[in-house]
Amino acid sequence: MKVSKNNHGLMLTIVFCVALVALQIAAMLVPVAIFPMFNLFVRPLVFALLAVMVFAIMGRDERPIPNSYTVNLMAVFAVGLMSMTFLIFTFIFGLVINPMASNLVVIGNNLWSFGSVVLLGEYIRVKLIKSTNMQTQTEVVIGLTLVLAFAYMSGVRALITSGITVESFFVSIFTPLVISAGASYLAVKGGLLSVVLVSFPSVMAGHLLPILPDITPLAFALVISGCLYASLFTCHLVIKDRSPEIQNREKRLARYTSKPVLGAFLTTSVIAISIAFFLGAFTLYPMVILTSSMEPTMTRGSLTFVERIDSEEIFEKVGEGYVIHFVCPGGVEYIHRVVGHWYDHRGVRYYITQGDAGEAQDPFPIPQENVLGIARASLPFLGYPYLFFQGIQGSLN
């Protein structure tokens, strides 16, 4: 009977994947007027029928799971890490009402339309992965990971009309892939409880939480993906698939293995150069955007790379349209765009600056010697750790 179940596992996975791909394509093609009804009735019904079919064919699995307790603890850790991160971000950036969960009726609809799909999909994932043999498990895991990620991509329909941007890619494509890959990993290592503990909050957080931190959808998606990745990496370190004898033998051999001097030198050099860069020892130095005055060019929390300019080169290199790093007469540093300039009676150039997000120019002209550098590039969200520690320091003071 066990052989029969193993043979059925791969075929059931193929049928399940084909059915879900067809269902998701249908969701993208149905008219807009009936799309809510499609989510409310058709998707949960199809998932329920597939779950019943899998249970009827595969039956109940009574085999013990060796690492179930440890994997369940790691799943709880993942949920706790994500919750703590959201609380910290709410503390730093404030909160906002979530329109996707504005009242109890909307939350109930989301629980039925999306939550039931997640629960049934994860049940099928665990059932099929646990019921396949080692020869076909890799194919089953890859197929279920991709197809269930595709099924959880609720924003794919909008991508057809609006096109794919960096934000929509991470929100609608990358994050569901990370969640589905994490759920498949837990399905291999643990059981249904650990999978549901991780996938359900990760997928449904934006549909159920009435209050969210005041961050962009891209930052929200990166928080979920980052917390899940960190938790699964920790789980991988905690769970040891090798026997204690093999691990002890490897540790003893490592003591007598010569350490590569070149590798240690390169590692130390990279760390030293990175520290020197962030301390501003080079011509190009980093700055964190603290406000929203330069949006959409530079969002709050972006890490901006500024080229240091000598005072005698400012006259030739800085002109209108450049984004500059400067010190205002009050001693506060800004990164704003040059929109004009004028000269005083001594021939000293003064720059007129303005933030891209505002319509009014800055009230203070900037003398040439107060210009520190020119902003050359900016990467979003990389400055959030600095904002986090700045918020903690401000609360303590």
TODO: Report, to two decimal places, the Cα Rg of region 2-242 normalised by 2.2 N^0.38 Å (N = number of residues).
DONE: 1.02
Task: Fraction in percent of alpha-carbon pairs per bin - 5 Å, region 70-147 - done: 3, 12, 11, 13, 19, 17, 11, 7, 4, 2, 0
Task: Cβ-Cβ FRET estimate between THR297 and VAL96, R0 fixed at 22 Å, reported to 0.05 - done: 0.45
Task: Relative frequency of Cα-Cα separations exceeding 11 Å in region 16-65, percent - done: 73
Task: Cα pair distances exceeding 24 angstrom across region 284-396, given as percent - done: 25
- [ ] On a C-alpha basis, how far is the centre of region 306-343 from the centre of region 193-208 in Å? Whole number, if you could?
- [x] 48
Task: Positive-end extreme of charge dipole, region 2-242 - chosen from ALA181, SER68, ALA101 (charges on Cβ) - done: SER68
- [ ] Sort the following peptides by mean Cβ neighbour count (other Cβ atoms within 10 Å, averaged over residues), highest first: 141-152, 226-237, 172-183.
- [x] 172-183, 141-152, 226-237
Task: Rounded, prolate or oblate (a/c below 1.5 giving rounded, otherwise prolate when a/b exceeds b/c) for region 1-124 by Cα gyration tensor - done: oblate
- [ ] Let me have the relative contact order for region 2-242, percent, based on Cα pairs under 8 Å that are six or more residues apart.
- [x] 35
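Any read-out appearing in this document is the output of simple, stated calculations on the displayed coordinates, not a laboratory observation. Note that this is a predicted model, so its numbers are computed, not measured. Note: ideal-geometry Cβ built from the backbone for every residue, glycine included; neighbour counts use all protein chains shown.
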